[in-house]
Amino acid sequence: KLGIILAVAGSAVGLGNFLRFPVQAVQNGGGAFMIPYFISFLLLGIPLMWIEWAVGRYGGLFGHGSAPFILSRLHNHRIIKYLGTIGIFGPIVIFIYYTYIESWLLGYAFFAITGRLLAAATPESMQAFLLTYQGLAPGSNLLTAYLFFLITFALNIIILYRGVKGGIELLCKIALPVLFIFGFIILIRVLTLPNVTAGLGYLWNPDFSVLWSAKVWLAAAGQILFTLSVGIGVILTYASYLKRGDDVVLSGLTAASTNELAEVVLGGSIVIPAAFIFFGLAGATAAANSGAFNLGFVTMPLIFSQIPFGQFFALLWFGLLFLAGLTSSVSLVEPAIAFVADEFKLERKKAVLRLGLVLFLLCQLPIFFLGQGVVDELDFWGGTFCLVLFGLIETILFVWVFGIDKAWEEMHHGAELRIPNFYRPIIKYVTPAFLFFILGFWFLQQGWPVVMMHGVSQTLVPYVLATRLGLIALFIGIALLVRKAWYANK
Ligand code: PFF
């Protein structure tokens, strides 16, 4: 059971904590972002954590490990398997770009050792280094980035191939402690930098006016779901490996708190103050706007280039991030593996290799179309929209269709901790209503009639459109497979 807690915590702690969270905070009002963020944690994150652990364990009892089939056990209606398809599709969408960004960390760790990274010691040269690495600067190419992508992708497949116990759990058992030790060492180093208070002040001094924007709430809710790995089907799959008597309440809470420690304490107090010290508010915002994961890549090496033993700290930092990314990216493939293995009765190793081939092809898109906004587009649909939507679907199914009484009992079966009673109405009313309103306001504010191309620059429109059509095609493809498996097993 400890293995599964570690696997879930490993999935949760990732690039979201150290790279995405700082960008979201800087883009959405800094300190004020923390208010919808903490509210979302209490009203969405924790309830969904419990729901997914409980529902996953329940589905696992019937031998199912993927969302379409797990959710169909809560209620028998043919539409549910298609809604559940999001729980395989969403993680794949995230995996497609996540693994590529993870591979940059390996590349950066390498260039930290060779010294090339820290040779670029101004904000401009650091931006230029990133653009060159990404193949976006004039005259640059993707050779290096591609090489590190290949290594990263292969590592993912090897770990998955070794299975849950011998691969994923073992990795998390080693990576998580290492990651926290590295993280605290770097935190202490950053907190002892001069001027650090200005940066910390930004994070902890709210500007309340942003609270009127639905976009900020959607971003906060999306970040909570993304960082906790909930609302997407991954934890359903991990929890399906539990036994009926295993606790889910305390386990879910442990995994969630571990993640928040890494996100708020480490992620928040390392990258954001660092960005302020070297870039100021305007510069930090510009760096954040340049890409959903860019901030940590351009700010952190600057710090390292100016402190004693910078090379060592840079290696620690990028090593830490790489490990954090690896324990998350493997989790994103697990629902698809469980689906193919359980429903097509394919041996795990074969399932991993076949899926690996498909994923490899899909991963080419963000690599070659990064400059066309494909990563941010995938991150929005896979990493925000799907999470809120699927979180809503799961909650309604469990709490309203399966029923709160049965749900409450199911969550407490084998529980080593009782959920306080005031959480019952929260889970029943507040969580689904909150998710629903976020979706609703977002639709309204985006302006549905213009096909939601708001804010997309003219030159990118064809690429964004192509990405969206591609995503729809991928979804239909997976849904057809789900359908095939469904009728084959009838
Ligand atoms: N929680 C991971 C992070 O913070 O980086 C990302 C992630 C992993 C999201 C798995 C969703 C998921 F299912």
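Please treat every number below as a calculation from the coordinates, not as lab data. The model shown is predicted, which means the values in this text are computed figures rather than measured ones. Heads up, the Cβs are rebuilt from the backbone with ideal geometry, glycines too, and the neighbour counts pull from every protein chain shown.
Structure notes:
- Anisotropy class of segment 137-259 from Cα gyration tensor, a/c 1.5 cut: oblate
- Electrostatic dipole magnitude of segment 322-449 [Cβ: Lys, Arg +1; Asp, Glu -1; Cα centre; debye, to 20]: 180
- Think of the chain as having a plus end and a minus end, set by charges on the Cβ of Lys, Arg, Asp and Glu; of F441, F279, A119, F441 sits farthest toward the positive end of this dipole.
- Contact order normalised by residue count of segment 49-105, Cα under 8 Å, 6+ apart, percent: 24
- Summing +1 for each Lys or Arg and -1 for each Asp or Glu among the other residues whose beta-carbon sits under 14 angstrom from that of D405 gives +1.
- Phi to ³J(HN,Hα) by Karplus 6.51 cos²θ - 1.76 cosθ + 1.60 over segment 274-285, Hz, x for Gly, Pro: 4, 4, 5, 4, 9, 10, x, 4, 4, x, 5, 5
- With helices as the sole contributors, the chain gives -22500 deg cm²/dmol at 222 nm; each DSSP H run of n ≥ 4 counts as -39500 (n - 2.57), and the sum is divided by every residue.
- Put simply, the convex hull of the Cα atoms in the chain casts, on average, a shadow of 21.2 nm².
- Prolate/oblate/rounded call for segment 407-490, Cα gyration tensor, a/c under 1.5 rounded: oblate
- P(r) weight above 19 Å for segment 19-150, C-alpha pairs, percent: 69
- Gyration tensor (alpha-carbon) shape descriptor, segment 307-379, a/c threshold 1.5: oblate
- Compared with the dominant Cα axis of the chain, that is its longest principal axis, helix 170-191 is turned about 40°.
- Signed unit charges on C-beta, dipole axis of the chain, positive-most listed residue P91, L191, H413: H413
- Length gained when the stretch I151-A119 is fully extended (0.36 nm per residue, less Cα-Cα span): 9.0 nm
- For the chain, the relative contact order works out to 34 percent when only alpha carbon pairs closer than 8 Å and six or more residues apart are counted.
- Residue pairs, from the table K81/K428; K165/K484; K349/K490; K165/K490, whose Cα atoms sit over 27 Å apart: K165/K484; K165/K490
- Between helix 86-114 and the chain there is an angle of about 30 degrees, using the helix long axis and the longest principal axis of the Cα atoms.
- Between the Cα long axis of helix 431-446 and the first principal axis of the chain there is an angle of about 60°, rounded to the nearest 10.
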